[in-house]
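Enquirer: Dumping the structure here so I can ask a few things about it.
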Amino acid sequence: MIQTVRGTRDILPGDMPLWHRVEDVAREAFRRYGFHEIRTPIFEKTELFARGVGEATDIVHKEMYTFVDRARADSEGESLTLRPENTASVVRAYIQHKIFADKSPGELTKLYYIGPMFRRERPQAGRYRQFYQIGVEVMGSSDDPAIEAEVIEMLDWFLKELKITNTTLLINSVGEPASRAAYLETLREAIRPKLDQLCADCHHRFETNALRVFDCKVESCQAIVKDLPVITDSLDEASRAHFEQFKAHLDARGIAYTINPRMVRGLDYYTRTAFEIIGHDGLGAQNTVVGGGRYDGLSETLGGPPTKGFGFAFGLDRMVMSLPDGEVEGLRAADAPDVFIVFLGEAARQHSFNLARDLRQAGVAVAIEFEDRKMKKAMAAAAKAKARYALIIGDNEVATGKYGLKNLQTGEQESLSLEEIISKLN
Ligand code: AMP
């Protein structure tokens, strides 16, 4: 028996209504806030992520699915990678298609994406090697912190619409690249005398990207990490002012937040504002639902024009897991057929095919099974399908053109014509 690859999974039909609900509400949020969809390829040149996400990040360093494409006779095979995230690809597309070219000064490019990402992480609940993200990118000449607050306001609406409450917005500023470099030195100096008390992973982090020690989950490391100097104490003046304005914009919108000066995100491109939204209900250790931030300069890194950028991605898998139980039941029920046709005898069976077609053309979701069965069995099948109504058709109904429409919840039954059924169900 061939099964799914470790860390990947099938999303089965029973769960799809939940995925669709999250996607639909996201698309509605994007429509209201003026975002347009973009789809980029699932694989790109490895160099895009190496340069965009950063060589020293865990993602590029050890989590990418990279392969050498088959060589042509006249050249070496090219190194390609399944995308571990979508921001680098969107910025690449922004540059490649000169999306900025027909914008008037100050006009923003607002894009969103939905799709699978691939990271070779250790699988556990809420963490997969193929997972799904929905994200947005705002690009242009402006780095106004009001843009950040508006994007977070959109997320706030989205979560409320999905009835996902009890989340926490964590914010931080990681400063400009120059002030971050100075802070990294301070941080390394503070870690050095305690290095022998840190885990092997933290030793590696110390060498490659000391900021990452803040992500360490090992208890003995956390005890040390909590006393290390934080980035917010070393911010450059412009980043500090930007952060203050960002907070004021959130306050003005009545959006609650917690400042977490130890929150550093796993991607190198972030500048200034970084944020996460943490979920609470049943997510376990993998409880970060949304992650995002500002990435001024990423375009330049990828060979594009000077561009400011801000965006986020949320994990669709984790968002679906965060839906409250009460919502989940209702969403599953809404996926059931409106009508289950129960026919008795060959003439009724033939008649049912046309009736099913007419109902479907009128917008009704119809279930029909093809086997002729006894009434009791057919009604059991209608109940199993969780249909709202059973439409009962025998010789008599074929002759009169009046059908038995039984409400499977209340047990009430009426005798109605096709037109009456259609107007009742719509
Ligand atoms: P990141 O791109 O690392 O900022 O992640 C953004 C969001 O994507 C996270 O908050 C998660 O919700 C989701 N995510 C990231 N990695 C995984 C994974 N391996 N499995 C499931 N969801 C993930």
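Enquirer: Considering only the stretch 194-227, state which residues are in contact (Cβ under 8 Å) with a residue 12 or more places away in the chain and over 21 Å from VAL174 (Cα atoms).
Expert: Of everything in the stretch 194-227, those that are in contact (Cβ under 8 Å) with a residue 12 or more places away in the chain and over 21 Å from VAL174 (Cα atoms) turn out to be LYS194, GLN197, LEU198, CYS199, ASP201, VAL218, SER220, CYS221.
Enquirer: Quick one: count up the residues across the stretch 198-216 that are open to solvent by 60 Å² or more (accessible area, probe 1.4 Å) and under 14 Å from GLU55 (Cβ atoms). I'd like the intermediate steps shown before the answer.
Expert: Initially, the stretch 198-216 is screened for residues open to solvent by 60 Å² or more (accessible area, probe 1.4 Å), giving 200-201, 203-204, 207-208.
Narrowing the set further to residues that are under 14 Å from GLU55 (Cβ atoms) leaves 204, 207-208.
So the answer is 3.
Enquirer: Right, here's the next one. Got a number for residues in the stretch 158-196 being open to solvent by less than 50 Å² (accessible area, probe 1.4 Å), closer than 27 Å to ILE134 by Cα and of a type in the set (Ser, Thr, Tyr)?
Expert: Total meeting the criteria: 2.
Enquirer: Could you list, in sequence order, the residues of the stretch 115-152 that are touching a helix residue (DSSP H, G or I) at 6+ places or on another chain (Cβ under 9 Å), within 14 Å of the ligand (Cβ to nearest atom) and open to solvent by 30 Å² or more (accessible area, probe 1.4 Å)?
Expert: Selection gives ARG119, ARG120, GLU121, ALA125, ARG127, TYR128, TYR132.
Enquirer: PHE67 - would you say it is surrounded by fewer than 17 Cβ atoms within 10 Å (Cβ to Cβ) and at pLDDT 95 or above?
Expert: Details: surrounded by fewer than 17 Cβ atoms within 10 Å (Cβ to Cβ): yes; at pLDDT 95 or above: yes.
The answer is yes for PHE67.
Enquirer: Condition first: under 18 Å from the mean Cα position of the chain (by Cα), over 12 Å from TYR33 (Cα atoms), among the charged types (D, E, K, R) and not in a strand (DSSP E or B). Can you find one or more residues in the stretch 132-144 that meet it?
Expert: No; the residues of the stretch 132-144 include none that is under 18 Å from the mean Cα position of the chain (by Cα), over 12 Å from TYR33 (Cα atoms), among the charged types (D, E, K, R) and not in a strand (DSSP E or B).
Enquirer: Any residue that is polar (S, T, N, Q), free of Cβ contacts under 8 Å to residues at least 40 places away in the same chain and more than 28 Å from ARG318 (Cβ to Cβ) - is there at least one of those in the stretch 67-85? Don't jump to the end; show me each part of the working.
Expert: As a first pass, look at the stretch 67-85 and keep what is polar (S, T, N, Q): 75, 79, 81.
Now drop any that are not free of Cβ contacts under 8 Å to residues at least 40 places away in the same chain, which leaves 75, 79, 81.
Those left that are additionally more than 28 Å from ARG318 (Cβ to Cβ): 75, 79.
Yes, because at least one residue in the stretch 67-85 is polar (S, T, N, Q), free of Cβ contacts under 8 Å to residues at least 40 places away in the same chain and more than 28 Å from ARG318 (Cβ to Cβ).
Enquirer: Among residues belonging to the stretch 217-238 that are in a loop (DSSP other than H, G, I, E, B) and under 32 Å from the mean Cα position of the chain (by Cα), point out the one that is surrounded by the most Cβ atoms within 10 Å (Cβ to Cβ).
Expert: Selected residue: LEU235.
Enquirer: Give the residue that is surrounded by the fewest Cβ atoms within 10 Å (Cβ to Cβ), with candidates limited to residues of the stretch 401-422 that are of a type in the set (Gly, Ala, Ser) and either touching a strand residue (DSSP E or B) at 6+ places or on another chain (Cβ under 7 Å) or not assigned by TED's automatic domain parsing to the domain that holds PHE340 (or both).
Expert: We begin by selecting, within the stretch 401-422, every residue of a type in the set (Gly, Ala, Ser); these are 401, 404, 411, 415, 417.
From the residues that got through so far, the ones that are either touching a strand residue (DSSP E or B) at 6+ places or on another chain (Cβ under 7 Å) or not assigned by TED's automatic domain parsing to the domain that holds PHE340 (or both) too are 404, 415.
Values: GLY404: 17, SER415: 13.
In this case the residue turns out to be SER415.
Enquirer: Now for a separate question. Any residue in the stretch 93-105 that's without any contact (Cβ under 8 Å) to a residue 60 or more places away in the chain: show its pairings with residues that are open to solvent by 60 Å² or more (accessible area, probe 1.4 Å) at Cβ separation under 9 Å, as long as the two are six or more apart or on different chains.
Expert: Pairs that qualify, where the first residue is without any contact (Cβ under 8 Å) to a residue 60 or more places away in the chain and the partner is open to solvent by 60 Å² or more (accessible area, probe 1.4 Å), are LYS103/SER141; PRO105/SER141.
Enquirer: Here's a follow-up. Taking strands (runs of 3 or more DSSP E) that do not extend beyond the stretch 1-114, which have at least 1 residues that are within 14 Å of the ligand (Cβ to nearest atom)? Explain how you work it out, then say what you get.
Expert: Values: elements: 43-45, 66-68, 79-82.
Because the criterion is at least 1 residues that are within 14 Å of the ligand (Cβ to nearest atom), the strands (runs of 3 or more DSSP E) in the stretch 1-114 that meet it are 79-82.
Enquirer: State all residues of the stretch 266-286 that are modelled with pLDDT of 85 or more and of a type in the set (Phe, Trp, Tyr); if no residue qualifies, say none.
Expert: TYR270, PHE275
Enquirer: Further, regarding this structure: Has the stretch 55-62 got at least one residue that is farther than 20 Å from PHE131 by Cα and either in contact with an Asp or Glu (Cβ under 8 Å, 6 or more places away or on another chain) or in the same structural domain as VAL264 (by TED's automatic domain parsing) (or both)? Can you show your working first?
Expert: Start the filter on the stretch 55-62 by keeping residues that are farther than 20 Å from PHE131 by Cα, which leaves 55-56.
Among the residues that remain, those that are also either in contact with an Asp or Glu (Cβ under 8 Å, 6 or more places away or on another chain) or in the same structural domain as VAL264 (by TED's automatic domain parsing) (or both) are: 55-56.
The answer is yes; a qualifying residue exists.
Enquirer: All but one of (1) touching a strand residue (DSSP E or B) at 6+ places or on another chain (Cβ under 8 Å); (2) without any contact (Cβ under 8 Å) to a residue 40 or more places away in the chain hold for ILE191; which doesn't?
Expert: Exception for ILE191: condition (1).
Enquirer: Pull out all pairs, ordered by first then second residue, where Cβ-Cβ is under 6 Å, the residues are six or more apart or on different chains, the first lies in the stretch 353-375 and is more than 20 Å from ILE421 (Cα to Cα), and the second is among the β-branched types (Val, Ile, Thr) and not in a loop (DSSP other than H, G, I, E, B).
Expert: Sorted first by the residue in the stretch 353-375, then by its partner, the list stays empty.
Enquirer: Looking at the stretch 76-102, which of the residues that are out of contact with any helix residue (DSSP H, G or I) (no Cβ under 8 Å at 6 or more places or on another chain) and of a type in the set (S, T, N, Q) is farthest from ARG51 (Cα to Cα)?
Expert: Going through the stretch 76-102, the residues out of contact with any helix residue (DSSP H, G or I) (no Cβ under 8 Å at 6 or more places or on another chain) turn out to be 76-78, 82, 86, 90, 93, 96-98, 101-102.
When the remaining residues are screened for being of a type in the set (S, T, N, Q), the result is 86, 96.
On the way: ASN86: 14, GLN96: 16 Å.
By that ranking, first place goes to GLN96.
The values are calculated or read from the model by the stated rules, or taken from the named source; none is laboratory data. Nothing here was measured: the structure is a model prediction, and the numbers come from that model. Don't worry about glycine lacking a Cβ; one is built from the backbone with ideal geometry, like all the others, and counts go over all protein chains shown. The area values use the complete protein model at the heavy-atom level, side chains included, leaving out ligands, DNA and RNA. Shrake-Rupley method; radii C 1.70, N 1.55, O 1.52, S 1.80 Å.
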